[in-house]
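This report refers to the structure that appears directly beneath it.
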Amino acid sequence: MFGLVTFDLSVNEIKKLLAVRNENFAYNMIQGLDKHIEERVIDFEDLTKLELIHNKLTESNLEFERIQDITEYLNIKEQEIEYTKVTPFVGQSVSDEILISELQDTIDFYHDEYNYDVVEELFVTNAYGANVAIVSGTSDYLQSDEEWWQITKDVGKYVGKIQYNDEYESYSIDFGYRIDDAQGNFLGVLRVVITMDDFLNEYVEESDLLTTSGRNAILLDENGHLIFSNGQITTSDASVSYFSDIAQGEDTGYLELDDKTDDFLLISYAKSTGYRTFEGFDWVSVVEQNSSSIVQEFVELRNSILTVSVLGMIVSVVVGVLISKVISSPLRRLTETSRRIAKGNFDVDIKKSRINEINIIGNSLKEMSGDLQNLIDTEKKLAEAHVKIKNERMTAMGELSASMAHNMKNPLGIIQSSAHILQKNTMDKEMDDVVKRMNRAIDRMSHQINDVLNYVRTTPLEKNTIKITDLLNSAKNTLEIPEHITISVPDSSIEISCDVRKMEIVFTNIFLNAIQAIGTEQGKVICKIDQNKTSAIIEIQDSGPGIPKNLMSQIFNPLVTSKQKGTGLGLSTCKNVIEQHGGTIAVQNNPTRFTITIPLSQS
């Protein structure tokens, strides 16, 4: 008795689980359908905003306004003109042909995009109900006496019922859209007939995934009539038997019905609630599932559960022992070996196993270990060789640069002395300007030569104790500071032990960079002096535009500069000198601020 009760409870739980799952299927399908219909409705509603249609309708309405007896004219035209696929437009004007071509392109686009007909009919009428252009299908000349036309004009939109078209041998729904100008004046009506093949394309694809033995996806209209069932679009005049229960229920839910063929029939459903601007057609998505796909498998499981359980216990014990002895231990050793290799220990010893596959894995690990060891050794040698070549190249470049700079310095000094003599002995203003330009050029060359010599020469430090304030002022006084730039140095008693000449070069370089960065703008350079327990801290901040972001990470590397006339060695020299003193230098941007730390002088 207990077994039968348990079985019944289990069946009921499975029923509930399947019903809820099918309910989710139905909800997703109806939501996807509503979304697709909303997108299609908006697509064709956008046609009513085309300037080409507005212009043609305005032109047509003006022509009709000039007709004295419009009713008689329309009746005559209704008898004279018949719209067919063969003669799809009225008149022979260029504007008619352009409009027809534009609308035809829209129809062709949808056909090419989805590889089936989306539109059966598409035409436009003016404000008097007369057809202005028909692109697809057949139509009377006058539409103003049709109910759909009147509803569209008064309400703004019309949605018809599902109908079967004998000519196209397909089901479709017709839509009407009111066309207004920018001021809201009525211009005409656009009518489009969209195939059910298009509306239900995604729904059919999803239903194909659900359809299995004993399960079927169904779509009902607002009256409970079939729209889609058994993988086909169809219609019926009678409601399904359970529609009244669905109509009285919530937006989603499920029912269980007695079935003559099977014990029961599960009905899971979801009602159309619309999507964004689309209010929905009040259609219902239904998933039916009978008992044959549920109970049969459960009965078979009940009949075999005892045998399987006993055999399973025996097999589990035997397999557990075998796995532990034959597989687990070798795998545990391989895991440990992998951990040692990951930590860099490539000297591994793989024990053989009775299982050939484990031996293959072990041999692969051993080969990988050897390959990794060789790779690391090779990369290490390559890195050492690269560093050696780079150092040798930099040494050679430094020696050559120092030699060239030294050889240029003496002739440059002679040129500078000669320029001073010329300047003293000339009374000609033009010659005086020339000499001044020579002096400025000589100063730039001297500065660049000094940059090279200061970078490549590493001489022992000649340390003396000096106040940082005096050191900064000394560096400041060596420069020609423009009138629009101020350099402020605070008064501080903090002293450091340093090579005064080399540290003066450091601060001169930083001040000069700040002046060049500020340029012709009004600006200032602010120095700050502080200390901690072991070091003096000097900050130099300028109001310039800052250092380019792409240079920040390599600003202290040699030959890196943002100036066309710079050597790119100034800040690199500063870094070498400061590190020679056991200090550090760092830079921040926006605003540009160099922070230097130098060990304090020992009392």
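The values are calculated or read from the model by the stated rules, or taken from the named source; none is laboratory data. The model shown is predicted, which means the values in this text are computed figures rather than measured ones. Cβ sites come from the backbone with ideal geometry, for glycine too, and all protein chains shown count toward neighbours. To get the accessible areas, we keep the full protein, side chains included, count just its heavy atoms, and leave off ligands, DNA and RNA. Shrake-Rupley method; radii C 1.70, N 1.55, O 1.52, S 1.80 Å.
Odds and ends about this structure:
- Given Lys381/Lys549; Lys49/Lys77; Lys381/Lys502; Lys533/Lys575; Lys467/Lys524, the pairs whose alpha carbons are separated by over 31 Å: Lys381/Lys549; Lys381/Lys502
- Summarising the amide proton neighbourhood of Ile227: residues at separation of 5 or more, or on other chains, whose placed amide H is nearer than 5 Å comprise Leu219, Leu220, Asp221.
- Relative contact order %, the stretch 455-533, counting alpha carbon pairs below 8 Å whose residues are six or more apart: 41
- Ligands, DNA and RNA excluded, the heavy atoms of Lys528 present near 120 Å² of accessible surface to a 1.4 Å solvent probe.
- Here Ser329 sits with roughly 40 square angstrom of accessible surface, probe radius 1.4 Å.
- Note on the stretch 460-599: with charges restricted to the Cβ of Lys and Arg (+1) and Asp and Glu (-1), its dipole about the Cα centre is near 340 debye.
- Based on Cα contacts under 8 Å between residues 6+ apart, the stretch 460-599 shows a relative contact order of 23 percent.
- Accessible area ranking (1.4 Å probe, heavy atoms, ligands and nucleic acids excluded), largest first, for Val240, Val506: Val240, Val506.
- Accessible-area rank, largest first, for Lys549, Lys463, Lys575: Lys549, Lys463, Lys575, with all protein chains present and a 1.4 angstrom probe.
- Only protein heavy atoms count here; on that basis, with a 1.4 Å probe, Tyr73 has an accessible area of about 70 Å².
- The stretch 115-165 versus the stretch 489-528: alpha-carbon centroid distance in Å: 84
- Taking 7 Å steps out from each Cα toward its Cβ at Glu483 and Ser553 produces label points 4.5 nm apart.
- Figure note: Thr195, Thr234, Thr478 ranked by solvent-accessible area, largest first, 1.4 Å probe, ligands and nucleic acids not counted: Thr478, Thr234, Thr195.
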